[in-house]
Structure formats: structure tokens, C-alpha cells
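Derivation of every value follows stated rules applied to the coordinates shown; laboratory data play no part. Everything numeric here is computed off the predicted structure, so don't read it as measured data. Neighbour counts are summed over all protein chains in view; Cβ atoms, including those assigned to glycine, are modelled from backbone coordinates with ideal geometry.
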Amino acid sequence: MKRSTDRILTTHCGSLARPHDLLELMQAKETGQPYDHEGFARRVRGAVADIVHKQVEHGVDIVCDGEQSKAGFSVYVRERLTGFAPQPLQPEESPLRRWRDVQAFPEYYEQYFKQNMRGVVPASSMVCVGPIAYKGQAAVRTDIENLKAALQGVQPEEVFMPAIAPRSLGRNEHYPTDEAYIYAIADAMHEEYQAIVDAGFVLQVDDPALTNLYGQDQSLSFAERHKRAELYIEALNHALRGIPPEQVRFHTCYGINEGPRIYDTPLQDIVDLILRVNAGAYSFEAANPRHAHEWHVWEHVKLPEDKVLIPGMISHASNIVEHPELIAERLVYYAKLVGRENVIAGSDCGFSSQATFTPEVHPTVVWAKFQAMAEGARLATQQLWGRS
């Protein structure tokens, strides 16, 4: 895994908006309608090439495939794991509606859901009805081949590929305990993780479930939430077995949610859990106003040796483009606390975690944010390395 040895590097969290013509094909595919299979494969391959080149052109050093082939950062595993059956889900049944913010601001979120819950995948939940195993070998192999092909003509500093963390993917009706259920998912996802690393890419594990355990499910005490989260971390490390930590980056966040966010989990409550993940880098939200102050956490938490922080410098929940000087200021804060070589500029979350025709941050704004991040990293480099 690359480090900021002579300048501050830049990256992001993975998902980027898909082209509309690809979304139309994907929607037909996901809803069981007839579609051109070969045309879909060609369009994905072209979209990956375009998105990789655009990342490099806009100052992103460590790039990925933008999750162009996936209908969502987590729902994609429906096609890659056995043992699950979809269950229709009415909008009012969405787990999001149980979030504390939603309950505290019902009027706002009623409008929010109408405007922003328009993904290409129909709302549904997953029910585990049988043994879980990995069957996505061909799909992950295609993703890898598309990303390798997209790298022709560009030379990014490094390349990563995201994959979902072992987590509860729906209701368990097969395994005797939650622990057995999570570990079954971990065993299955290990195969995808290993394939990504064997291809020469850095693996990014996406795990927003960690923060949700603390910030939203208030039926559990703090101690109960912490214990439950420890199980998630242990299962994730089981899924990562045999993979060198320096080939893994771990991302946790609070989801795409342009809302009040007053019940977001404080970083200080979960930082010990994050650092238990066998990863070489840790990506987290640090740009949005609910978390921009949390660089102070690293004043009293020591970053383990040979680890890297990827704090968000640009927000996925606002169409305001962050000023490069503010980004530079934040990067310098982190660098002075944990070492300049241990900081990479990132984004709070992905900009299109679900494939949708109406991403919350407009794609043209996303590219402007990337350019601002690159400029902020340049300004921070000047300060930290004493360059004119």
C-alpha cells in the first residue's frame, strides 16, 4: 500500500455515478426485464475505462472502478452468494425509517425519501434460507478484468477495489445463531477478498454497519452495542485471514444521508474497534460538519505503527465544493498528529453507493470536489515538506 512519502496522496471511497444508458440496462437486468447481455457487458467495460481516466484527470492518485458494474455497494452480493431469497419491501418498511434521525425529523425525511430513494433496484430485503457460499467467481473476475483494461494509458499511484464487509445482509432464517450467520458470510466473502488481492489491487472493505450499531439501534445498551460490534470485527478479520494488512483498507461511514445527522456515532466511541481491523489504512468521515472536529480524537489515540489514515476531506452529503485551503488546513492537522506519511486525503463516503438516476451530489460537482481535494493536497504538501 502506497504512503504519502513525499507528498499527500489523494483517493476516495469507491462508488461514482453510473452513466444513464448503463443505468437503464442495469435497471432492466435487476428487475427481470429483457436486456442485451453482451451490450450490458460492453457498456460496463466502457464505463469503467471512462471513470478511471476521469479520476486520474481530476487529481485522484489512488483510483478504482467506481463500482460501475454494481447496483449498490452491498446489494451486488445478492448475485454472488447462495442461500438468500429476496423479499419485497414496502417503502415504509425500510430499515432506514427506524433510524433515530428519521424519527426525530419525520417531516424532513418524508420529503427526502420521495426525492432520493430512486435506485435502479426495487426495494427488497434479503432472507437467509439456506447455506451461504460464494458463487461470484465469474463476476469478480469480470470486474478485475475490466479494471485492468481501464488502466491502459494511465498511471495512477495505486488501484483499489471495494467489497462489502461481512455483515447481516437480511433476516437469518437458517443459521442457529447470529454469530454462525455472520461467520458464514465471512467465509464466503473471503473468496472475493482474496481474488481482489491476488489480482494486484488493494482491497477496500466497506462497513457502514459498524456505525449503525451505535448510532441507530438504541434498543441495545452501549455495552451491548460494543459487544455486538466486536463480533462484526472478529468476523471481518476471519474473512481477511491470510491477506496481508498492507493490502487492505477499511472504510466505515454513516451512509449517504444529507440530513441533520445529530445521532451519528462519535468517532471516539468506535475508534478502538476500527483499529482492531487487520488493515493497513482506515477511511472515515471527517469533512461533514458533524465530524469535522474529530481530528482531535488523534490527540489522545495513538495510531499503530505502519498504519495510514484516510480521513474524508470532501463530503458526499453536500453539493458545496470544499475550499482547497480548508482541505489543506485539515490535512495539516492530521499530519502533525500522526505523521505526514500516514495521511491520505479521501472522501467521506461514496458518491453513488446505490446506482440511481438522481445521485445526491451531482456528478459535475463530484469532479469539482476531486479537483479541490487535489489542490488542497498540493497546498498541504507545500506546508508539510517546506516547498515553495
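So if I average 1/r over every pair of distinct C-alpha atoms in the stretch 194-301 and take the inverse, what Kirkwood radius in Å does that give? It would help to have the intermediate numbers written out before the result.
Details: mean 1/r = 0.0676 Å⁻¹.
So the Kirkwood estimate lands at 14.8 Å.
Calculate the all-directions average of the projected area of the chain's alpha-carbon convex hull, and give it in nm².
Numbers: hull surface 71.7 nm².
So the Cα hull casts an average projection of 17.9 nm².
Skipping prolines and chain starts, which residues have an amide H placed within reach, meaning under 5 Å, of the one on T265, given they are 5 or more residues away or on another chain?
Here G215 satisfy the definition.
Tally Lys/Arg at +1 and Asp/Glu at -1 over every other residue whose Cβ is under 15 Å from the Cβ of L326; what's the total?
Working: positive: R330, K369, R378; negative: E322, E325, E329, D348, E375.
Summing Lys and Arg as +1 and Asp and Glu as -1 gives -2.
Quick check: Cα centre of the stretch 224-294 to Cα centre of the stretch 342-366, how many Å?
What the calculation gives is 18 Å, centre to centre.
Please compute one quarter of the surface area of the Cα convex hull for the stretch 313-371 and express it in square nanometres. Can you show the working numbers first?
Details: hull surface 17.4 nm².
Directional mean of the projected Cα hull area for the stretch 313-371 stands at 4.3 nm².
Of all the C-alpha pairs in the stretch 234-388, what % are more than 26 Å from each other? Each step should come with its number before you reach the end.
Working: 3322 of 11935 pairs.
In whole percent, the share of Cα-Cα pairs in the stretch 234-388 beyond 26 Å is 28.
When the Karplus curve 6.51 cos²θ - 1.76 cosθ + 1.60 is applied with θ = phi - 60°, which whole-Hz ³J(HN,Hα) does each residue of the stretch 33-48 get, with x for Gly and Pro?
8, x, 7, 7, 4, 5, x, 5, 4, 5, 5, 4, 4, x, 5, 5
Starting from the 7 Å offset along Cα-to-Cβ, what nm value, one decimal, do you get for the label separation of T358 and Q152?
3.9 nm
Using helices alone, what [θ] at 222 nm do you get for the chain, with -39,500 (n - 2.57) per DSSP H run of 4 or more residues, divided over all residues and rounded to the nearest 500? Mind dumping the intermediate values first?
Numbers: 11 runs with 154 residues, N = 388.
Estimated from H runs of four or more residues: -13000 deg cm²/dmol.
Quickly work out the Q103-to-K2 label distance, labels modelled 7 Å from Cα along the C-beta direction, and quote it in nm with one decimal.
The two pseudo-label positions are separated by 4.5 nm.
Given H placed on each backbone N at 1.01 Å, which residues far from Q204 in sequence or on other chains put an amide H within less than 5 Å of it?
For Q204, whose amide H was placed from the backbone, the distant partners under 5 Å are M161, A163, R249.
Farthest toward the dipole's positive end in the stretch 258-334, which of I314, Q268, Y333, given Cβ charges of +1 (Lys, Arg) and -1 (Asp, Glu) about the Cα centre?
Ranked along the dipole, the leading option is Q268.
Can you list the HN-Hα couplings for the stretch 74-81, worked out from phi with the Karplus curve (6.51, -1.76, 1.60; θ = phi - 60°), rounded to whole Hz and with x for Gly and Pro?
So the Karplus estimates, Gly and Pro as x, are 10, 5, 4, 6, 4, 8, 10, 10 Hz.
About the Cα centre of the chain, what is the dipole size in debye to 20, counting +1 per Lys and Arg Cβ and -1 per Asp and Glu Cβ, all else neutral? Numbers along the way, then the final one.
On the way: 38 positive and 51 negative charges, 46 e Å.
Dipole of the chain, to the nearest 20 debye: 220 debye.
Between F250, F201, F222, where does the largest GNM mean-square fluctuation fall for the chain, given springs only between Cα atoms within less than 10 Å?
Greatest mean-square fluctuation among the candidates belongs to F222.
What residues qualify as long-range amide H neighbours of G72, i.e. H under 5 Å apart, gap of 5 or more or another chain, H built at 1.01 Å from N?
It is A355, by chain and number.
Can you pick out the pairs among K2/K336; K307/K369; K148/K369; K148/K227; K148/K302 whose Cα atoms lie more than 28 Å from each other?
With Cα atoms farther than 28 Å apart: K148/K227; K148/K302.
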